[in-house]
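Reviewing the structure listed below.
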């Protein structure tokens, strides 16, 4: 039985190529499969997470004996439908299991509450001081013009 060198050589090359490819896939395959563990969120995952967060906010509001309107006021960026869904699910759960809520730590928002006043900058504080003490303002301006 005679086997030519050329036939044996091509068989060996084919085997080594397949073995090399198999080795590469076995080494890098699991690494490529774990791309989702890198913390890269898709827009769909981000939206799902926001809805789940809003639902959790609603559940927490119900457990804290807050009205749904107070929950909306305290969490303006949360999706209202998801907040309500979480609030309703927690309400049903608490009624079925006869659970009492926990008194809220944060006081209820005032009905006519407006947004908090913006923080003053250093220039605004100097102007306010000047209105309160005119002589201090003159002294401050004299120092500024002397430089």
Q | Filter result (out of contact with any helix residue (DSSP H, G or I) (no Cβ under 8 Å at 6 or more places or on another chain), in a loop (DSSP other than H, G, I, E, B) and either at pLDDT 70 or above or on the phi > 0 side of the Ramachandran plot (or both)) within the stretch 15-47 | A | 39, 40, 42
(Q) I'm trying to understand the selection: among the residues of the stretch 67-106, which are part of a loop (DSSP other than H, G, I, E, B) and loosely packed, with under 15 Cβ neighbours inside 10 Å? (A) 67, 76, 77, 97, 98, 99, 100, 101, 102, 103, 105, 106
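For the condition at pLDDT 85 or above and out of contact with any strand residue (DSSP E or B) (no Cβ under 7 Å at 6 or more places or on another chain), what is the one hit in 62, 108?
Details: 108 fails: at pLDDT 85 or above.
Sole residue among the options that is at pLDDT 85 or above and out of contact with any strand residue (DSSP E or B) (no Cβ under 7 Å at 6 or more places or on another chain): 62.
The values are calculated or read from the model by the stated rules, or taken from the named source; none is laboratory data. In this text the structure is predicted, and so the values were computed from the model without any measurement. Positions of Cβ are backbone-derived with ideal geometry, glycine not excepted, and every protein chain shown enters the neighbour counts.
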